[in-house]
Amino acid sequence: MKEYDVIVIGAGAAGLTAAGVSASLGAKTAMIEARKNGGDCTWYGCIPSKTLIHAATTAWQARKAKNFGINIPEISVDFPALMKHIRSVQEHIYNEADAPAVYERMGVEVISGRASFVDEHTISIRRTRSTTDGQGEIFCHRHRKPASYPPHRRTSGY
Ligand SMILES: Cc1cc2nc3c(=O)[nH]c(=O)nc-3n(C[C@H](O)[C@H](O)[C@H](O)COP(=O)(O)OP(=O)(O)OC[C@H]3O[C@@H](n4cnc5c(N)ncnc54)[C@H](O)[C@@H]3O)c2cc1C
């Protein structure tokens, strides 16, 4: 049984931020991710969509260039090359900002597995990738009393 001050479930945009802040404040922090760090933002949402929009804007500007007296020969989109570019941007963001090694350097223990609550202080983790511990479950225990919501949040319905 391992004990932490803070256990973050999920290494998406929210979890990565929470774990980084928690560790930077000196809390013993674990972050558990069932798939690959980065979540929707890196793999499906913000990063690929903004990279695609940027490419589309570039093509659009090239097509409109003649309005500014700039002649660009015929514009075509190489979609496989565009997708390759999007994947390379995702990998760059992952390696620079999301990868387990980045958070381990900040002092976060990054655990690959699916977390579930055993009770309000204890989390069980089912490993999703092989590790030195092999297949199985580990348990994390959060020994401090959880902070409660501020009163207005408890009655706001959210
Ligand atoms: C097309 C698109 C474009 C977007 N563009 C933008 C943008 O430009 N700017 C912006 O701010 N937002 C954007 N968003 C929204 C943004 O992607 C989400 O707000 C953000 O990804 C949510 O992050 P999250 O950490 O809350 O959740 P998620 O990214 O869903 O991360 C949750 C993580 O938790 C893990 N997980 C879940 N359950 C468990 C468990 N039991 N144990 C272990 N791990 C678990 C999941 O595997 C996942 O990695 C966009 C979304 C889409 C779809």
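The values are calculated or read from the model by the stated rules, or taken from the named source; none is laboratory data. Bear in mind that the values here come from a model prediction, so they are computed numbers and not experimental data. Virtual Cβ from ideal backbone geometry, glycine too; neighbours counted across all protein chains shown.
Side notes on the structure shown:
- When 96, 74, 104, 33 are checked against the criterion of being out of contact with any Leu (no Cβ under 6 Å at 6 or more places or on another chain), loosely packed, with under 11 Cβ neighbours inside 10 Å and under 30 Å from residue 4 (Cα atoms), a single residue qualifies: 96.
- Members of the stretch 24-60 found to be more than 10 Å from the ligand (Cβ to nearest atom), farther than 23 Å from residue 120 by Cβ and of a type outside the set (Val, Ile, Thr), listed by number: 24, 26, 54, 55, 56, 59, 60
- Applying the criterion of at least 1 residues that are more than 12 Å from the chain's Cα centre (by Cα) and modelled with pLDDT of 95 or more to the helices (runs of 4 or more DSSP H) found wholly in the stretch 1-108 leaves 13-24, 46-64, 79-93, 100-105.
- Residue match in the stretch 112-133 (condition: at pLDDT 95 or above, assigned to a strand (DSSP E or B) and touching a helix residue (DSSP H, G or I) at 6+ places or on another chain (Cβ under 6 Å)): no
- Neighbours by Cβ (under 7 Å, 6+ apart or cross-chain): first from the stretch 108-126, in the same structural domain as residue 15 (by TED's automatic domain parsing) and free of Cβ contacts under 8 Å to residues at least 60 places away in the same chain; second of a type in the set (Ser, Thr, Tyr) and more than 9 Å from the ligand (Cβ to nearest atom): 116/124; 118/124
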